[in-house]
Amino acid sequence: MKINNVSIITSAVRPEHYPEHDLPEILLLGRSNVGKSSFINTIINRKALARTSSQPGKTRTVNFYNVEDRFCFVDMPGYGYAKVSKSERQQFKKMIQDYIETRDNLVMVVQLIDFRHKPTEDDQAINDWLYDNDIVPLVVATKLDKVGKNQRSKNLNQIIKTFELEDGSDIVLFSAETKEGKDTVENIIEEVLEVLESEQED
């Protein structure tokens, strides 16, 4: 997948502010500070289009990124950050729910989790909710470079057990630093887009 042209379409706070277009959308979900911005920048080959922050929970909007006029990344506010008020956390979860339940453009969900740690209760709750809505997310475990190779198998099995998965086939180990996992994510996205484009031609 060659990506040269990327732009931010809009930053929205309510569904009525979402862009009107026919592009398929890939939703990105993850806890604050899990590395969503770094993930986006790595995939789109940019250093700073998606702003990274040392202050978790800073993103308050739903950001839509047009990628090559083929699809959009939709970046939701991070969930589960302790210093965000309870009402704000509930608001973020409602934003996710409203988007998933009403957005016809949605074709894929990527749930990002921190590979260094066992998935949190919030990670598990979001994962369960997606499956309850018949959505099988691609789980991307970020910060792979921070985990020693001898520890990786244990951490991967921890994710499989916590999310009650049969195996690790829907999990990609990813590092924005080393670019490990980048090709795998791109290939999965490409496959999804090719199926959609083939269906549209028929």
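Observations on the model:
- Answer residue from the range 3-49, given it is of a type in the set (D, E, K, R) and within 27 Å of Val136 (Cβ to Cβ) and is nearest to the chain's Cα centre (by Cα) among those: Lys36
- Within the range 124-152, residues that are part of a helix (DSSP H, G or I) sit with their Cβ atoms under 7 Å from residues that are hydroxyl-bearing (Ser, Thr, Tyr) and surrounded by 14 or more Cβ atoms within 10 Å (Cβ to Cβ), at 6+ positions apart or across chains, in these pairs: Gln124/Thr162; Ile126/Tyr79; Leu144/Ser175; Asp145/Ser175.
- Only one of Val185, Val172 that is hydrophobic (A, V, I, L, M, F, W, C), outside any helix (DSSP H, G or I) and modelled with pLDDT of 95 or more: Val172
- Residues of the range 111-165 that are modelled with pLDDT of 95 or more and among the hydroxyl-bearing types (Ser, Thr, Tyr): Thr142, Ser153, Thr162.
- Matching residues, the range 1-38, being free of Cβ contacts under 8 Å to residues at least 60 places away in the same chain and either among the small types (Gly, Ala, Ser) or closer than 19 Å to Leu130 by Cα (or both): Ser7, Ser11, Ala12, Ser32, Ser37
Okay, residues lined up against (1) modelled with pLDDT of 90 or more; (2) part of a strand (DSSP E or B); (3) surrounded by fewer than 18 Cβ atoms within 10 Å (Cβ to Cβ):
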| residue | (1), (2), (3) |
| --- | --- |
| Ser38 | yes, no, no |
| Thr42 | yes, no, no |
| Arg46 | no, no, yes |
| Thr52 | no, no, yes |
| Tyr65 | yes, yes, no |
| Phe73 | yes, yes, no |
| Met95 | no, no, no |
| Met108 | yes, yes, no |
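- Subset tally (residues that are assigned to a helix (DSSP H, G or I), surrounded by 12 or more Cβ atoms within 10 Å (Cβ to Cβ) and either in contact with a helix residue (DSSP H, G or I) (Cβ under 8 Å, 6 or more places away or on another chain) or of a type in the set (Lys, Arg) (or both)) for the range 153-169: 1
- Entry remark, the range 1-35: residues being of a type outside the set (Ser, Thr, Tyr) and assigned to a loop (DSSP other than H, G, I, E, B) number 16 in total.
The values are calculated or read from the model by the stated rules, or taken from the named source; none is laboratory data. Every value quoted in this text rests on a predicted model; they were computed, and no experiment measured them. No Cβ is skipped: glycine too gets one built from the backbone with ideal geometry, and neighbour counts run over all protein chains shown.
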